[in-house]
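The values are calculated or read from the model by the stated rules, or taken from the named source; none is laboratory data. Treat the numbers as computed from the prediction; the structure is a model and nothing was measured. Here the Cβ positions follow ideal geometry from the backbone for every residue, glycine too, while neighbour counts run over all protein chains shown. The protein model used for the area step is the full one, side chains on, heavy atoms only, and it has no ligands, DNA or RNA in it. Shrake-Rupley method; radii C 1.70, N 1.55, O 1.52, S 1.80 Å.
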Amino acid sequence: MKEALALFAKEISSPKKIFITTHVKPDADALGSSLGLANYLIKKGHDVCVVTPSDYPSFLNWMEGNESVLDFSHPDQVDQVKKKLEEAEVIFCLDFSVLNRVNELGELIRASDAFVVNIDHHQDPEDFADFRIWSTKAAATCELVYEMIVDLGDKDLIDKGIAECLYAGIMTDTGGFRHPNTTKNVHLVVAELLELGADTSQIANWIYDSNSVNRLKFIGFAISRRLVVREDLHLAYFAISKKDLKKYQSQTGDTEGLVNYALSLEGIKVAALFSEREDGIKISFRSCTDVAVNKFAAAYFNGGGHKNAAGGKSELGLKETVQLFESLIEEHQEELYHPKPVSV
Ligand code: 5GP
Ligand code: MN
């Protein structure tokens, strides 16, 4: 076992009070890595609590342990979460590496005396953890959690419930094994998860085939009425207003995946989705293999993420945000579409 991992293994060698959290609006990798890890740590005898900074889509609520997740944005659960955080001896931060991704929980974690562990695969991590398992080569945080459990010598503790949580994160973060992050290691890990009992077609069904009629109609509306294509800029985007979301009784998760329809257009290099939320404009960026949108998101929209899938936010109005975005792409298209090779 590596030296750093041995130190960490020592930290969790006796039963501890453990607090696990992940980024706001958790996706399958965020929730799957949190619950997969939680179920494992419970088996090891720890007292474990999983907290999300916000709610998450209902298509994730099949994961083992889902019923005990606490939501810090829920007024009735705030005190309970604060108490759990105060009591915590070990805090795991999963699938994010900058503390502003967990809203107000971030500063509470920074101020905590607990041993903080960060497991993540995003670029440019902030230095807030006592121990970090971090690799941008990993397709998903779930892949890193799987490898950590194996490295700790506990593969035999991975049961069907844990395997399914971890599989879900890898499946979605690789875009259903289509993105360039779908490495040989991804397939090897997934093969093991199948062997350990993950029912892959059931998981795909739970995640991809659980649309409401409203959501499907919303997607149809967005594609026919809210898609803007700027072929001259190799750009396509959706701008969705609060009113649009209300009209289709939008639920958390209903806009997920919409941006991919814009990227699926031939010749499009950058796709975006702007959705007007209570606290400002939430932005999703996607790009073709050669174009890096995470740097663009970080430079102009207070965001970040992966090379081909990033996000950000804007405090301007929807129209102003979209105008700014178009002009930024126009201005920076040369460096975006023809980046200078990095000298090694
Ligand atoms: P999505 O578009 O699916 O919400 O996010 C795509 C990727 O960008 C995810 O890896 C997510 O973690 C990252 N991301 C989304 N929003 C933000 C943000 O506001 N800040 C940072 N640093 N990353 C983000
Ligand atoms: Mn992830």
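Please verify whether residue 282 is in the same structural domain as residue 235 (by TED's automatic domain parsing), open to solvent by 10 Å² or more (accessible area, probe 1.4 Å), under 17 Å from residue 329 (Cβ atoms) and within 12 Å of ligand 1 (Cβ to nearest atom), treating the condition exactly as stated.
On the way: in the same structural domain as residue 235 (by TED's automatic domain parsing): yes; open to solvent by 10 Å² or more (accessible area, probe 1.4 Å): yes; under 17 Å from residue 329 (Cβ atoms): no; within 12 Å of ligand 1 (Cβ to nearest atom): yes.
Considered against the rule, which asks whether it is in the same structural domain as residue 235 (by TED's automatic domain parsing), open to solvent by 10 Å² or more (accessible area, probe 1.4 Å), under 17 Å from residue 329 (Cβ atoms) and within 12 Å of ligand 1 (Cβ to nearest atom), residue 282 comes out as no.
Across segment 109-150, which residue is most open to solvent (accessible area, probe 1.4 Å) among those that are β-branched (Val, Ile, Thr) and within 15 Å of the chain's Cα centre (by Cα)?
136
Which condition does residue 337 not pass, out of (1) out of contact with any Lys or Arg (no Cβ under 7 Å at 6 or more places or on another chain); (2) more than 16 Å from ligand 2 (Cβ to nearest atom), if it passes all the others?
Single failed check for residue 337: (1).
With respect to residue 168, is the statement that it is under 27 Å from residue 44 (Cβ atoms) and either at pLDDT 95 or above or open to solvent by less than 60 Å² (accessible area, probe 1.4 Å) (or both) true?
Working: under 27 Å from residue 44 (Cβ atoms): yes; either at pLDDT 95 or above or open to solvent by less than 60 Å² (accessible area, probe 1.4 Å) (or both): yes.
For residue 168, the condition - under 27 Å from residue 44 (Cβ atoms) and either at pLDDT 95 or above or open to solvent by less than 60 Å² (accessible area, probe 1.4 Å) (or both) - is met.
Of all residues in segment 256-279, how many are more than 27 Å from residue 54 (Cβ to Cβ) and either within 16 Å of ligand 2 (Cβ to nearest atom) or surrounded by fewer than 19 Cβ atoms within 10 Å (Cβ to Cβ) (or both)?
Number of matching residues: 4.
Residue check, residue 58 against (1) surrounded by 23 or more Cβ atoms within 10 Å (Cβ to Cβ); (2) under 20 Å from residue 200 (Cα atoms), all met but one. Which one?
That leaves (1) as the condition not met.
Go over the candidates 309, 297 one by one and state the one that is out of contact with any helix residue (DSSP H, G or I) (no Cβ under 9 Å at 6 or more places or on another chain), under 14 Å from residue 123 (Cα atoms), within 16 Å of ligand 2 (Cβ to nearest atom) and not assigned by TED's automatic domain parsing to the domain that holds residue 26.
Result of the check over 309, 297: 297.
I'm trying to understand the selection: among the residues of segment 63-81, which are open to solvent by 50 Å² or more (accessible area, probe 1.4 Å) and within 22 Å of residue 40 (Cβ to Cβ)?
Kept after step one, since they are open to solvent by 50 Å² or more (accessible area, probe 1.4 Å), are these residues of segment 63-81: 64, 67-68, 73-76, 79-80.
Listed by number, the residues that qualify are 64, 67, 68.
Conditions first: (1) closer than 23 Å to residue 52 by Cα; (2) more than 16 Å from ligand 2 (Cβ to nearest atom); (3) open to solvent by 70 Å² or more (accessible area, probe 1.4 Å). Residue 247 passes all but one, so which condition is the exception?
Going through (1) closer than 23 Å to residue 52 by Cα; (2) more than 16 Å from ligand 2 (Cβ to nearest atom); (3) open to solvent by 70 Å² or more (accessible area, probe 1.4 Å) one by one, residue 247 breaks only (1).
Considering only residues that are of a type in the set (Val, Ile, Thr) and over 19 Å from the mean Cα position of the chain (by Cα), which ones fall in segment 151-188?
Taking segment 151-188 first, the residues of a type in the set (Val, Ile, Thr) are 158, 162, 170, 172, 174, 182-183, 186.
If the condition is that a residue be of a type in the set (Val, Ile, Thr) and over 19 Å from the mean Cα position of the chain (by Cα), then 158 is the only one that fits.
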